[in-house]
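Student: Pasting a structure below so you can have a look.
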Amino acid sequence: MKDTIVLYPAYGSGHLMSMVELGKLILTHHPSFSITILILTPPNNKNNDSTTQYIASISNKFPSINFHFIPSISLTLTLPPHLQTLELSPLCNHHVHNIFQSISKTTNIKGVILDFLNYSASQINNILDIPTYFYFTSAASMLSLFLHLPTYHKKATKAIKDFNIDTPIELPGLPTLFVDDYPDDGKDPTSPGYQTLLECAKVFRESDGVIINTFDAFESKAIKALRDGSCVPDGTSPLIFCIGPVISTLYDTDEHQCMSWLDLQPCQSVVLLSFGSMGRFSKAQLNEIALGLEKSKQIFLWVVRSELDLDELSLDELLPEGFLERTKEKGMVVRNWAPQRAILSHDSVGGLVTHCGWNSILEAICEGVPMITWPLYAEQNLNRVILVKETKIALKLNESADKFVSASELGERVIELMESDKGKNIRERILKMKISANEARGGSGSSLVDLKRLGDSWKELD
Ligand code: UPG
């Protein structure tokens, strides 16, 4: 029987694409395996066309990657979008159990790699005695904080949410944090999100290994704290495999009207504004962004996504009156989605305003594009600390207490990134980081060494 590795991504295109890239990487270095990917389908049969097309194209190009669709269930999701998998996944466990049993008839499951949001599926692996690994699609720094949470929880006398704004939080492998840097879901012990994180951290600690999409030169201190166990002083730290940066491949379908527009722009002149798969803004915030860009006089490519209840409005109705006409020589506005990975690889792009999603960060590093950070939710505040304080490859955008960014702040930061000496230094540092990322993935680089260790751990199970 052929050996297979089962991958179980969380719901959402970012998670799926990242897992698919992991699968391709495993196949490149361990071609004797096949890859089986389980797909969580949205509740109530609401299929997403672009995901369906993406899966079809991967199946065509990579016959050793097989997809299994978990049947859709009826449910009204209540958690915020970035946490919905936590709600959906436990309800699908019986389907996953059946799929594992059916796959086992024709293949030998060597290991299951779960997205951390699907951590509840580890119960099935325990029942069926299948080794469980996690794929952590964010920073090693976040993993370090997360694995430390049960320790912190035991000794904490005060919830992080009640800390003063300038009270330092010292954690293994991390720079000094403050309450605003801390992930929202970990601030309040009485919240359901906190309890889930705590439970999930315990499952992680007991797993056979955690694969992280990062590389040694980028997050050396956090990776050291994970490897030497200092982030889990009261337990066992799982094996750690840092195999990144894993970013999505460029496809022909990435051809988009903005690519020919980019061809016409000078080298490193364009600032891209893109906020991941879920970043949405109010009309008032979109207004400020528009005015800030106009004032900066920089060339921009802006992926505009509005709050759901504004989706019916046209761009003309959504943005300040006359903005599109006034800036047509300076900028391009794209609604909802643009091929970000391809855009970042274009010579004319010189900066990225980002929500600090981990995939966007890695893509910017791999293309040597300096960033301006605008975290929106989840662990993005912590990611900003790594970019701005630890590695100094990004500028910080200052928000008001209610997370609003003014036109003048955005405009000034964009000019600073594109025109000042500080911006130049940031560009130089990210270009060095790009070289380190390439070294990690090539020859005897740290990420390839870890990928080999991972494959060897599966072979030892024979
Ligand atoms: N992307 C596009 N076009 C767009 C917007 C996004 O191609 O118009 C791509 C982008 O290139 C990237 C992915 O979509 O590959 C977005 O990934 P990411 O930057 O990680 O953002 P999210 O989709 O918001 O990611 C979720 C969480 C984030 C976390 C990440 C990884 O929101 O906080 O770091 O997952 O765990």
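The values are calculated or read from the model by the stated rules, or taken from the named source; none is laboratory data. What you are looking at is a predicted structure, and each value in this text was computed from that prediction instead of being measured. Cβ placement follows ideal geometry from the backbone for every residue including glycine, while neighbour counts extend to all protein chains displayed.
Student: Mind listing whichever residues of the range 80-95 are in a loop (DSSP other than H, G, I, E, B) and at pLDDT 75 or above?
Tutor: The one that is in a loop (DSSP other than H, G, I, E, B) and at pLDDT 75 or above: 92.
Student: Could you tell me whether the range 295-313 includes any residue that is modelled with pLDDT of 95 or more and under 30 Å from residue 144 (Cα atoms)?
Tutor: No: zero hits.
Student: Still on this structure, please answer the following. Looking at residue 59, is it assigned to a helix (DSSP H, G or I) and closer than 30 Å to residue 194 by Cα?
Tutor: no
Student: Hey, residue 283 hits all of (1) surrounded by fewer than 20 Cβ atoms within 10 Å (Cβ to Cβ); (2) within 12 Å of the ligand (Cβ to nearest atom) but one; which does it fall short on?
Tutor: (2)
Student: Modelled with pLDDT of 95 or more, part of a helix (DSSP H, G or I) and touching a strand residue (DSSP E or B) at 6+ places or on another chain (Cβ under 8 Å) - does that describe any residue in the range 149-163?
Tutor: The answer is yes, given that some residue of the range 149-163 is modelled with pLDDT of 95 or more, part of a helix (DSSP H, G or I) and touching a strand residue (DSSP E or B) at 6+ places or on another chain (Cβ under 8 Å).
Student: For the condition more than 17 Å from the chain's Cα centre (by Cα) and within 16 Å of the ligand (Cβ to nearest atom), what is the one hit in 315, 324?
Tutor: Residue meeting the stated conditions: 315.
Student: Here's another thing I want to ask about it. I'd like to check something: does the range 64-76 contain any residue that is within 16 Å of the ligand (Cβ to nearest atom) and either touching a residue at least 60 places away in the same chain (Cβ under 8 Å) or under 26 Å from residue 459 (Cα atoms) (or both)?
Tutor: Among the residues of the range 64-76, not one is within 16 Å of the ligand (Cβ to nearest atom) and either touching a residue at least 60 places away in the same chain (Cβ under 8 Å) or under 26 Å from residue 459 (Cα atoms) (or both), which makes the answer no.
Student: Also, I was wondering about something else. Would you check which residues across the range 337-362 are over 19 Å from residue 397 (Cβ atoms) and either more than 7 Å from the ligand (Cβ to nearest atom) or out of contact with any strand residue (DSSP E or B) (no Cβ under 8 Å at 6 or more places or on another chain) (or both) and list them?
Tutor: Scanning the range 337-362 gives 339, 341, 342, 343, 345, 346, 347, 348, 359, 362.
Student: To continue, here is another question. Of everything in the range 8-18, what is surrounded by fewer than 24 Cβ atoms within 10 Å (Cβ to Cβ) and either in a loop (DSSP other than H, G, I, E, B) or away from the ligand (no atom under 11 Å from the Cβ) (or both)? Give them in sequence order.
Tutor: Hit for the range 8-18 is 12, nothing else.
Student: Quick check, is residue 54 surrounded by 17 or more Cβ atoms within 10 Å (Cβ to Cβ), under 20 Å from the mean Cα position of the chain (by Cα) and more than 22 Å from residue 378 (Cβ to Cβ)?
Tutor: Yes, satisfied.
This table checks each residue for (1) at pLDDT 95 or above; (2) within 19 Å of the chain's Cα centre (by Cα).
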residue	(1), (2)
372	yes, yes
378	no, yes
402	no, no
414	yes, no
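Student: How do the pairs read when you match residues in the range 366-382 that are at positive phi and of a type outside the set (Phe, Trp, Tyr) with residues anywhere that are within 12 Å of the ligand (Cβ to nearest atom) and not in a loop (DSSP other than H, G, I, E, B), using Cβ under 8 Å and keeping only pairs 6 or more apart or on different chains?
Tutor: Listed pairs, sorted by first residue: 378/82; 378/184; 378/185.
Student: Another one. Would you tally the residues in the range 24-60 being within 16 Å of the ligand (Cβ to nearest atom) and under 21 Å from residue 450 (Cβ atoms)?
Tutor: Qualifying residue count for the region: 2.
Student: What is the one condition in (1) out of contact with any strand residue (DSSP E or B) (no Cβ under 8 Å at 6 or more places or on another chain); (2) without any contact (Cβ under 8 Å) to a residue 60 or more places away in the chain; (3) part of a helix (DSSP H, G or I) that residue 125 does not satisfy?
Tutor: Of the numbered conditions (1) out of contact with any strand residue (DSSP E or B) (no Cβ under 8 Å at 6 or more places or on another chain); (2) without any contact (Cβ under 8 Å) to a residue 60 or more places away in the chain; (3) part of a helix (DSSP H, G or I), the odd one out for residue 125 is (1).
Student: Kindly establish whether residue 372 is surrounded by 15 or more Cβ atoms within 10 Å (Cβ to Cβ) and outside any helix (DSSP H, G or I).
Tutor: In short, yes.
Student: Okay, next question. Quick check, is residue 231 buried (at least 16 other Cβ atoms within 10 Å of the Cβ), modelled with pLDDT of 90 or more and farther than 25 Å from residue 14 by Cα?
Tutor: Yes: the conditions hold for residue 231.
Student: Could I ask something else about it? Anything in the range 370-425 that is more than 16 Å from the ligand (Cβ to nearest atom) and of a type in the set (Lys, Arg)? List them, or say none.
Tutor: Within the range 370-425, 389, 392, 396, 413, 422, 424 qualify.
Student: Related question: Out of all the residues in the range 161-202, which are at negative phi, crowded, with 16+ Cβ neighbours inside 10 Å and of a type in the set (Gly, Ala, Ser)?
Tutor: Of everything in the range 161-202, those that are at negative phi, crowded, with 16+ Cβ neighbours inside 10 Å and of a type in the set (Gly, Ala, Ser) turn out to be 186, 193, 201.
Student: Applying the selection to the range 75-92, what residues are closer than 25 Å to residue 130 by Cβ and buried (at least 16 other Cβ atoms within 10 Å of the Cβ)?
Tutor: 85, 86, 87, 88, 89, 92 - these are the residues of the range 75-92 that are closer than 25 Å to residue 130 by Cβ and buried (at least 16 other Cβ atoms within 10 Å of the Cβ).
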